[in-house]
Amino acid sequence: MRITVFAVAMAILVTGLALLLVFGNGSAIAGLAPGDFANAIYLTIFALLVGSALIRGRHRVNARLWHVAVWLALFAIAMAGYRWFHSP
């Protein structure tokens, strides 16, 4: 039976949430602060879903590279906006 990407993402999310609930009282989780660990879990799931959409898509290689370029441009715009509005 094939394990879907959604099932893997949900397993990561549930495991990360359980670790945060058990060890989130200020102690380090896998060497990270609880907030950093939560961000790492979130970004791992996001990367898994975006990566699977790019890899398992039914498009040609040129279309996949175009999608990667669009995602990188969106991330660059988001980072520039964050830097613009949250600079000290």
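The values are calculated or read from the model by the stated rules, or taken from the named source; none is laboratory data. All values reported here derive from a predicted model rather than from experimental measurement. Virtual Cβ from ideal backbone geometry, glycine too; neighbours counted across all protein chains shown.
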Response to the item:
Reported set for the stretch 1-27 where residues are modelled with pLDDT of 80 or more, surrounded by fewer than 13 Cβ atoms within 10 Å (Cβ to Cβ) and of a type in the set (Gly, Ala, Ser) is Ala11, Ala18
Item to complete: Among the numbered conditions (1) assigned to a helix (DSSP H, G or I); (2) over 16 Å from the mean Cα position of the chain (by Cα); (3) modelled with pLDDT under 80, tell me where Gly51 comes up short.
Response: (2)
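Being without any contact (Cβ under 8 Å) to a residue 12 or more places away in the chain, within 19 Å of Thr4 (Cβ to Cβ) and either exposed (fewer than 13 other Cβ atoms within 10 Å of the Cβ) or acidic (Asp, Glu) (or both) is true for just one of Ala63, Ala47, Ala30, Ala76. Which residue is that? Give the derivation first.
Values: Ala63 fails: within 19 Å of Thr4 (Cβ to Cβ); Ala30 fails: within 19 Å of Thr4 (Cβ to Cβ); Ala76 fails: within 19 Å of Thr4 (Cβ to Cβ).
That would be Ala47, the only listed residue that is without any contact (Cβ under 8 Å) to a residue 12 or more places away in the chain, within 19 Å of Thr4 (Cβ to Cβ) and either exposed (fewer than 13 other Cβ atoms within 10 Å of the Cβ) or acidic (Asp, Glu) (or both).
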